[in-house]
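*Asks:* Here it is, the structure in full.
The values are calculated or read from the model by the stated rules, or taken from the named source; none is laboratory data. This one's a predicted model, so the numbers in the text were calculated from it and none came from an experiment. Here the Cβ is made from the backbone with ideal geometry for all residues, glycine too, and neighbour counts use every protein chain on show. We work out accessible area using only protein heavy atoms, side chains counted, and drop any ligands, DNA or RNA first. Shrake-Rupley method; radii C 1.70, N 1.55, O 1.52, S 1.80 Å.
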Amino acid sequence: MTARIHLIGGGWQSAEVYAPFLGDAGPAARIGCVLVDEGNADEQFVRCAERLTQVGPCVPVALTVPLGGRFDPAALDDVDALLVCGGLTPAYQEALVCCADAVRRTLTERAMPYAGFSAGAAVAAATAVVGGWLDAGVPVCPDDIAEDLDEVAARDGLGLVPFSVDVHAAQWGTLPRLISAVGSGRAPFGVALDEDALVTCTAGEPVRVSGAGRAHMVRRGRDGGVEVRSWAAGQSFRVGQPG
């Protein structure tokens, strides 16, 4: 794990979920905002920049990737911190996985903080749950949140955290999708985040929960089943272990 990793489960109600990330970035930091352009990247960047600057002085910088394109890690040379935004999760995974090694190396060498919002949280994982709504043909979550996929899909991610991540858990009903991914062995273990929930990850330390929502740890049980534990703001847990 590199620097500090901040993962946000989506939602736009609270700007304060960005405060720990901006605190790590430092005053007046240049924040590189990765957006995959699905036709509204300019609008999304304005919204994101407004949120960031509400919290503290910073300089948001748009790092836009065309849909189907690939992120150029050289863009990180001109920023102090990296925020990967939300949108179609498989598109973000495709845009970033090709340069995952270079991104991790830059974040580590420069101690650069990372924040992931919605899709950006999901792709931070070593094994990224990118969508789907069926487990062997059986529905496990609503089909309108499937991210244009049918079967629950787990693919290579950036490898910034060891656990898989799903987002919008309470609002979109994605917790069963993560349970499916872990129970089937597609993902080793994971955390489902409610909207406006933040988990902050530092190597060797418990994961800290803050914000308005909850974080739900999903892991395989000793009996072969799946265990789910939930934590609220102010609580912490160690990944892959009972609370």
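*Asks:* Quick check: at a probe of 1.4 Å, how many percent of the accessible area of the chain sits on carbon and sulfur atoms?
*Replies:* Ligands and nucleic acids excluded, carbon and sulfur give 48 percent.
*Asks:* Dividing the alpha-carbon Rg of region 103-200 by 2.2 N^0.38 Å yields what?
*Replies:* My calculation over the Cα atoms of region 103-200 gives 1.06.
*Asks:* In Å², and per residue, what accessible area does region 94-243 have when probed at 1.4 Å with the other protein chains present?
*Replies:* For region 94-243, the per-residue accessible area is 40 Å².
*Asks:* Could you work out Rg/(2.2 N^0.38 Å) for region 1-145, with Rg from alpha carbons only?
*Replies:* 1.03
*Asks:* Per residue and in Å³, how big is the convex hull formed by the alpha-carbon atoms of region 30-104?
*Replies:* Here the figure is 80 Å³ per residue.
*Asks:* Another question about this same structure. Got a number for the accessible area of TRP172? Probe 1.4 Å, square angstrom, nearest 10.
*Replies:* Rounded to the nearest 10, that gives 110 Å².
*Asks:* Below 8 Å, C-alpha to C-alpha, sequence gap of six or more: please give me the relative contact order for region 9-167 in percent.
*Replies:* Answer for region 9-167 is 22 percent.
*Asks:* Sorting check: for 116-122, 197-203, which peptide has the highest mean count of neighbouring beta carbons within 10 Å, and how do the rest follow?
*Replies:* 116-122, 197-203
*Asks:* For the full complex of protein chains and a 1.4 angstrom probe, list THR64, THR174, THR127 by accessible area with the highest value first.
*Replies:* THR64, THR127, THR174
*Asks:* Let me ask another. Tell me which residues come under 5 Å, amide H to amide H, from VAL226 once H is placed; ignore anything under 5 positions away on its chain.
*Replies:* Amide H to amide H, under 5 Å and 5 or more residues apart or across chains, VAL226 pairs with GLY221.
*Asks:* If you don't mind, there's one more thing I want to ask. Would you grab the residues whose amide H sits under 5 Å from the one on ALA126? Only those 5+ places off in sequence or on another chain, please, with H modelled 1.01 Å from N.
*Replies:* Sorted by chain and number, the residues that satisfy this are GLY159, LEU160, VAL161, PHE163.
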